[in-house]
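Each reported figure results from applying straightforward, stated rules to the coordinates on display, with no laboratory input. In this text, all values refer to a predicted model and were calculated from it rather than measured experimentally. Methodologically, a virtual Cβ is constructed for each residue, glycine included, from the backbone with ideal geometry; neighbour enumeration extends over all protein chains shown.
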Amino acid sequence: MTTRRDFLASSAAAAAALAARPLAAETAGPAASAAPPASRPVVISSANGLRGVKVAYDRIMAGTDTLDAIIAGVNIQELDPEDQSVGLGGLPNADGVVQLDASCMHGPTKRAGAVGCLEDIATPSLVAKAVMDYTDHTILVGEGARRFALDMGFTPQNLLTEKSRQDWLRWKARLNPNDFWLDHDDDVRINTTHGTINMNAVNAAGDISSVTTTSGMAYKIPGRIGDSPIVGAGQYCDNGVGAAGSTGRGEANIKICGGFLTVEFLRQGLAPEVAVLKTLERLVAMTEPRLMNAQGRPNFDIQFYAVAKDGRYAGGSLYEGADFAVCDARGARLEKCVYLFKRGR
Ligand code: SD4
């Protein structure tokens, strides 16, 4: 059990570590020493999981396993047709087909499961868990993943909502001014919603799980999978250390195995807010010049979320302004991510 004094000491150490390292000058965010004492259980997620962290926390308090609890949490976004970045209603690929990715890890049993390019099933997080529970494999993709899901009793449905179909048609029409599609709605912005949901939890006994689920990048090339179904990138969990996951540009995360890397930084004893910032630094160092803006910074954003076994947690974003969701004994709320760069500088 981490005492308040232990936590403040580690927060002070984290602040000192931050000060000592060559992070970008404006590295900031909520002061580490302002963080409340760590407590367990705690559930954290990307900001769109605000409802989900509460559901997961309540289930954990009622004795549900951490992975079942957080999957129930992300199911809310997966089944919400209004969330155009996850599950039902997700924006489709370039062919107008919704293809979903998800992965999960269960700390106590050291197991993992994942699906990529899954069609017609609204809850890929549950299919990923079924891969984990019922097969000796880790990742199933495409038609094989779909057939597996049907065999496991999942119900197929059309995941392309009317709203997402209209958004896709608008994107398609504007692709090429010289093609035979007429560009309607000139004043309407093309919807390239970013989203994805990553959720991580530690219970009172210190058992940990993680899950990430997404419809991936809007209008992606058919067959593309992002970081979400890659164990070690989109999420990672080690029951002795902690869990971490990501939302944002998956192509950037895959190259640094960001979920795994963040957990390794926790293993080295770094505080979660330092761990996520160091992962972001590595990501910047691995970014190709073509993706850098005039200031030499990535022209995209990405977030990492981390929870340590003792209940400390943090969210980190490349750019200032991102929130993440937390639920613990103080209730469900959004908190600010620490960040590497201020916007527009
Ligand atoms: C992906 N990481 O497929 C996901 C997308 C995402 O906000 O998180 N968008 O690359």
So how strong a dipole does the range 40-341 carry about its Cα centre when Lys and Arg Cβ are +1 and Asp and Glu Cβ are -1, to the nearest 20 debye? 640 debye
Considering only Asp227, Asp151, Asp101, give the residue with the highest GNM mean-square fluctuation for the chain, with springs between Cα atoms whenever their separation is below 10 Å. Asp151
Measure up Lys54/Lys163; Lys278/Lys342; Lys172/Lys336; Lys54/Lys309; Lys255/Lys278 against 25 Å on the Cα-Cα distance and list the ones that go over. Lys54/Lys163; Lys172/Lys336
Give a residue-ordered list of calculated ³J(HN,Hα) values for the range 281-294 (Karplus: 6.51 cos²θ - 1.76 cosθ + 1.60, θ = phi - 60°; whole Hz; x for Gly, Pro). 4, 5, 4, 4, 5, 9, 8, 5, x, 5, 9, 9, 8, 4
When the Karplus curve 6.51 cos²θ - 1.76 cosθ + 1.60 is applied with θ = phi - 60°, which whole-Hz ³J(HN,Hα) does each residue of the range 194-205 get, with x for Gly and Pro? 9, x, 6, 10, 10, 9, 9, 9, 10, 9, 4, 7
Could you derive backbone 3J(HN,Hα) for the range 74-87 from the dihedral phi with the Karplus parameters 6.51, -1.76 and 1.60 (θ = phi - 60°), listing whole Hz in sequence and x where the residue is Gly or Pro? 6, 4, 4, 6, 4, 8, 8, x, 7, 7, 8, 10, 8, x
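Count neighbours as other Cβ atoms within 10 Å of each site's Cβ, and list the chymotrypsin sites (Phe, Trp or Tyr not before Pro) in the range 118-212 that are DSSP loop with at most 11 such neighbours. Could the numbers behind the result be given before it?
On the way: sites: Tyr134, Phe148, Phe154, Trp168, Trp171, Phe180, Trp181; in loops: Phe154, Phe180, Trp181.
Counting only loop positions with at most 11 other Cβ atoms within 10 Å, the chymotrypsin sites (Phe, Trp or Tyr not before Pro) in the range 118-212 are Phe180.
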Can you run the Rg to Rh ratio on the chain? Use alpha carbon positions and the Kirkwood inverse-distance Rh. 0.98
Nearest 10, in degrees from 0 to 90: the angle of helix 258-267 to the longest Cα principal axis of the chain is 10 degrees
Going by average Cβ density within 10 Å per residue, which order do the peptides 117-128, 62-73 take, highest to lowest? 117-128, 62-73
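Going by C-beta contacts inside 10 Å, put Val211, Val274 in order with the fewest on the left.
Details: Val211 36, Val274 28.
Going from least to most buried by this count: Val274, Val211.
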For the chain, what proportion of DSSP beta bridges, expressed in % and rounded to the nearest 5, is antiparallel? 90 percent
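Count the net charge of all other residues whose Cβ sits under 14 Å from the Cβ of Met286, scoring Lys and Arg as +1 and Asp and Glu as -1. Present the calculation step by step, with values, prior to reporting the outcome.
Details: positive: Arg249, Lys255, Lys278, Arg282, Arg290, Arg297; negative: Asp227, Glu251, Glu281, Glu288.
Charge balance near Met286 sits at +2.
Around Arg147, under 12 Å between beta carbons, what's the net of Lys plus Arg minus Asp minus Glu among the other residues? Let's see the in-between values first.
Values: positive: Arg146; negative: Glu119, Asp120, Glu143, Asp151.
That sum, taken over residues with Cβ under 12 Å, equals -3.
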